[in-house]
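Presented below is the structure to which this report refers.
The values are calculated or read from the model by the stated rules, or taken from the named source; none is laboratory data. Model, not experiment: these values are computed from the prediction. Cβ sites come from the backbone with ideal geometry, for glycine too, and all protein chains shown count toward neighbours. The protein model used for the area step is the full one, side chains on, heavy atoms only, and it has no ligands, DNA or RNA in it. Shrake-Rupley method; radii C 1.70, N 1.55, O 1.52, S 1.80 Å.
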Amino acid sequence: MSSKKCKGINRAKDFQGCGEESNFRRYGLCPCCYKTWLLTTDEGQQVIEKQSLKAKKKVTKIKKRSDRIKKVKLMTKSEAEKKLQVIINQIVREIDNGKGCISCNHGWDSNWTRQKHAGHYYSRGSNPQLRFDMNNIYLQCSICNNWKSGNEMAFTDGIKKHYGLDQWRKVEQLKATERNWSKQDILDKTHVARDILKRLQNGESFTRNEINDMIKL
Ligand SMILES: [Zn+2]
Ligand SMILES: [Zn+2]
């Protein structure tokens, strides 16, 4: 900044200033006059208030971020897995939207009146390593999911009938899959999964395999 005479401009245009040459000016005022202007005029007070509000907001933001980091640190792996599962299940409901229940006729040629669930072919209990695999999870009605323990025979038929034999072969081969993910892996996958869900909700479409590849499931 070049040296200029101290004289109020913009917000401080009503403030005379000392008229001395100064290299550093705010609203045209030298540091000394600027301080006086801040403390003695309504316009100056407004600037102070604005700055302190900004500072407060910044502190809140930093605190929120550190709380979030703490929360993630304290989260157990199983809690992280549960969070990822919720998003994966939402993704399944999103990509199977418009289809019917994998295990019964509900929704294929009638309107959905039941709750939409995401049903696992190999259960989470028996095959935890497949709990996120897109080829293992399909749109299922609440009745089949809750009361018929997945309706397994019908589930098999449903995959063959509605998704084809190639898809069924993929499902059959899944059992050989081995996976061992750390909590950090799960957190990273959650990040990607959340992004994919957003893109699906915004109208993009992906196949099961594409999603598996993107999230590395
Ligand atoms: Zn001055
Ligand atoms: Zn059903």
- How many residues does segment 164-183 hold that are open to solvent by 50 Å² or more (accessible area, probe 1.4 Å), touching a residue at least 24 places away in the same chain (Cβ under 8 Å) and over 26 Å from the mean Cα position of the chain (by Cα)? 3
- Item | Checking residue 141 against (1) buried (at least 19 other Cβ atoms within 10 Å of the Cβ); (2) of a type in the set (A, V, I, L, M, F, W, C); (3) more than 22 Å from residue 84 (Cα to Cα), the condition it does not meet | (3)
- Quick one: is residue 156 open to solvent by 80 Å² or more (accessible area, probe 1.4 Å), over 30 Å from residue 68 (Cα atoms) and either of a type in the set (Ser, Thr, Tyr) or under 19 Å from the mean Cα position of the chain (by Cα) (or both)? no
- Message: Suppose we keep only residues that are in a loop (DSSP other than H, G, I, E, B) and under 14 Å from residue 44 (Cα atoms) within segment 12-29. Which one would you say is nearest to ligand 2 (Cβ to nearest atom)?
- Response: 27
- Message: So, residue 210, is that one under 21 Å from residue 86 (Cβ atoms), among the acidic types (Asp, Glu) and in a loop (DSSP other than H, G, I, E, B) or not?
- Response: no
- Query: Looking at residue 59, is it under 40 Å from the mean Cα position of the chain (by Cα) and either within 16 Å of ligand 2 (Cβ to nearest atom) or loosely packed, with under 13 Cβ neighbours inside 10 Å (or both)?
  - Reply: yes
- Message: Can you tell me which condition residue 99 does not meet? The list is (1) of a type in the set (Lys, Arg); (2) open to solvent by 90 Å² or more (accessible area, probe 1.4 Å); (3) within 16 Å of ligand 2 (Cβ to nearest atom), and all the others hold.
- Response: (2)
- Message: Give me the residue from segment 113-132 that is out of contact with any strand residue (DSSP E or B) (no Cβ under 9 Å at 6 or more places or on another chain) and closer than 17 Å to residue 90 by Cβ and, out of that set, surrounded by the most Cβ atoms within 10 Å (Cβ to Cβ).
- Response: 132
- Looking across segment 62-96 at residues that are free of Cβ contacts under 8 Å to residues at least 40 places away in the same chain and open to solvent by less than 70 Å² (accessible area, probe 1.4 Å), the single one that is farthest from residue 117 (Cα to Cα) is 66
